[in-house]
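One structure is given below, encoded as structure tokens.
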Amino acid sequence: MALPENRAIVVVTFEEFLEEVRPRLKSLLAHWRIPPEDAEDLLQDSLIALVFRWNLVRDPESWLIGTTRRHCLMYWRRVRRQLYQAVDAETLERLSPLEAPPQERDDLWTDLDDLIEQLPERCRQVLHLRFRLGLDPAEVARELGYRESSISKITNRCLGALSRKLAASRVGGRRAPRELHPDQG
């Protein structure tokens, strides 16, 4: 198959390719505010994936940028999930009858109930079933008619909303930062 007359074949080495795409990658990682120690790992994962798929990729630069962007998104989702799980564990530990006197525990539940009441109905139901009644995720999904595969995501979103309410109440009514990253919704 002949190439059109106005198209030339350009052969570059992998090092030349990396040098050419480096500014866009640096800009992308800076935009997503990936810490330098984690940025190196994300970039390495993207490059390894590109090397394994090199013969299947039509536009390596676009593919690498898109893959790195997806890795950045997954990085912040993982960080957010860890934060929500930490808040979840901390809250549950504080409610433990072994650590908190009954009055303190009741006060904490009252404060949490007040914050939970400000959440959407779906979140109120999920949090009540999961943490007040102690149902496991599969039971919560069945009770509310959700797929088991989606209940973890829904629970994390609800814990995130509760965390933001909790953070806002702790900073004297000032609005707490809503997002960990500007591109998160």
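Rule-based calculations on the coordinates, nothing more; no lab input. Source: prediction; values computed, not measured. Glycine also receives a Cβ, built like all others from the backbone with ideal geometry; neighbour counts cover every protein chain displayed.
Once you place label points 7 Å from the Cα toward the Cβ at S152 and L108, how far apart are they in nm?
2.6 nm
For the stretch 99-170, what D do you get in µm² per second when you plug the Kirkwood radius from alpha-carbon pairs into Stokes-Einstein at 25 °C and 0.890 mPa s?
Value of D from the Cα-based Kirkwood radius: 191 µm²/s.
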